[in-house]
Structures are given as C-alpha cells and as structure tokens.
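Heads up, the thing below is written out as structure tokens.
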Amino acid sequence: MTNQPTLFIHQLRQLVYLIIMVLSVVLLWHMSDIYKSALIVEHAAVENTQAIIILMTAISFGLHAWSNSANRPLLLLLASLALAAFIREHDAYLEATIPYVSWYFCWLFPIAAIINIIRTRHNFGKSLTAFLQTNGYHMMVTAVIIIIPVAQLLGHRSFLQDLINDPDTDTYMLRRVLEEPIELLGYIQLLLASVELYIEHRLLERRNRQQAEVSEPVS
C-alpha cells in the first residue's frame, strides 16, 4: 500500500506536469498573437520546437538506459522510437537530400533495439510487465493518442475538405493550425513521460535498496 508522503509526492509531480502543459498552451496563445500564421508554417517555430523536444526525449531515454541496466533493452527501444520520430520530422529535407532512402533509414534504430531485446529476452518480460504498471507508461499512451490519432485526423487535409465543404477555405493553413500545436503538446507530454519513468525507476531502486538493508542480518 502506498504511504501518504509517497502519494503526496506523486500527486505533486502530476500537478507540476499539468502546470507545464497549461503553460505550454498559454505560451502558444501568446506566440500566435505575436507571429500569427508564421508560427506554424513549414520549418517555423512550432515545427522546430517539436524536433527539439522529441530529440530531448530520445536523449532522456538513452541516458536512462545507460544508468539502468535492468531495464536497458526496453529503454533503448523507447529511445530508438523517439529518435526515429525525430528523423521523421525532417522528412522534407531528407527526401530532397537522400533520394529513395529519405527518412526511412530511421527504422534501423528500432530494428536494432528489437534485435537487442531478442538477445536478452529472458529479462525483457519482467521489465515490460513492470513498465506497463508505471505512471510513465500511461503518460506515454496519452501522448501517443494526442500525436497520432488526434493530431493526424484533425490535420488530414482531405478530412477537413470533406468536413468543411467550402472551396474558398484555405484547408492547408487550417490543417497546420490544428495539427502542429496539437503535435507539439503531445511531444511535450512524451518528454514529461520519460522524466516520470526515470523518477519512478529511481524511487523503486531506492526502495529496494532500503528493503535489502533492513533484511540484512545483524552481525
């Protein structure tokens, strides 16, 4: 059973994450008032911020994997997926500079991580089961829902054209207005999830260490 101080700290972390998300929305409102549509065009502030945040998420998972050998294969997989998403964000540039290959090489990183999991599969099941019970995992699921089905549906041009059914409406700009800020919020949530997972693992390590010290026989 979770004790009261631990529960309070957990709820405090969730409040901090909520405040960060709200401040992100407020900042977007403020920036849009200053820069107008220039904020969301290709390679502008929102898109570049997305790339920075997803790269920070990949680095966060990577550093976590380096310091946590018990969960390293799983964390490397998460880092590789975040790195693949970072590369995917640069699809237009890569399509122009690397013909035929483009951004598709990014899948090499998750494939390498999966091969590593297969090699160490005797430990992976336990690590995955524990991961699925963490708050970090649930935050990641929420982030993925925001980034993929929600942002992609609202940012799908043909969907908007069919929905609005007005040839005079600039669906390209409307698509970017809907898709880019929502994706940005999803990436921020994903970064926070990586931080929460790291905190949870460190707290678990400390708790296991304290239990081991208590259970040691007194000489």
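Solvent-accessible area per residue for the chain at a 1.4 Å probe radius, Å²? Don't skip to the answer; put the middle values down first.
Values: 13760 Å² over 219 residues.
That works out to 63 Å² per residue.
Suppose R0 equals 30 Å. What FRET efficiency, 1/(1 + (r/R0)^6) with r the Cβ-Cβ distance, do Leu7 and Leu163 give to the nearest 0.05? Present the calculation step by step, with values, prior to reporting the outcome.
Working: r = 44 Å, r/R0 = 1.47.
That pair, Leu7 with Leu163, gives E of 0.10.
Out of the stretch 129-190, which chymotrypsin sites (Phe, Trp or Tyr not before Pro) are coil in DSSP terms and have no more than 12 other C-beta atoms within 10 Å?
none
Can you compute the helix-only [θ] at 222 nm over the chain? Use -39500 (n - 2.57) per DSSP H run of at least 4 residues, normalise by all residues, nearest 500 deg cm²/dmol.
Counting only the DSSP helices, I get -26000 deg cm²/dmol.
Which of these, Ile54, Ile115, Ile147, has the largest mean-square fluctuation under a Gaussian network model of the chain (Cα springs below 10 Å)?
Ile115
Compute the FRET efficiency between Trp29 and Ile52 as 1/(1 + (r/R0)^6), taking r as their Cβ-Cβ distance and R0 = 22 Å, and round to the nearest 0.05.
So, using R0 = 22 Å, E works out to roughly 0.65.
Just to be sure I follow: if Rg is taken over the C-alpha atoms of the chain and Rh is the Kirkwood radius over the same atoms, what is Rg/Rh? Intermediate values should be presented prior to the final figure.
Values: Rg = 20.7 Å, Rh = 19.7 Å.
When Rh is taken as the Kirkwood radius, the ratio is 1.05.
Please report, ordered by residue number, every helix of the chain (full DSSP H runs) that is 20 Å or longer along its axis going by C-alpha atoms and whose mean Kyte-Doolittle hydropathy reaches -1.0.
The answer, listed by residue number, is 4-35, 45-67, 72-88, 171-215.
Given springs between every Cα pair under 10 Å in a Gaussian network model of the chain, which of Pro73, Pro181, Pro167 has the largest fluctuation?
Comparing Pro73, Pro181, Pro167 in the GNM, the peak value goes to Pro167.
On the protein heavy atoms, probe 1.4 angstrom, tell me the percent of accessible surface of the chain carried by carbon and sulfur.
67
Given R₀ = 41 Å, what would the calculated FRET efficiency be for Val16 paired with Asp170, taking r from the Cβ atoms and rounding to 0.05?
Computed FRET efficiency for Val16 and Asp170: 0.60.
How many angstrom lie between the C-alpha centres of the stretch 3-76 and the stretch 84-143?
When both Cα centres are located, 17 Å separates them.
The values are calculated or read from the model by the stated rules, or taken from the named source; none is laboratory data. All of these numbers come straight from a predicted model, not from anything done at the bench. In this analysis, Cβ positions are derived from the backbone assuming ideal geometry, glycine residues included, and neighbour counts consider all displayed protein chains. Side chains are part of the model used for accessible areas, which takes the heavy atoms of the whole protein and leaves out ligands, DNA and RNA. Shrake-Rupley method; radii C 1.70, N 1.55, O 1.52, S 1.80 Å.
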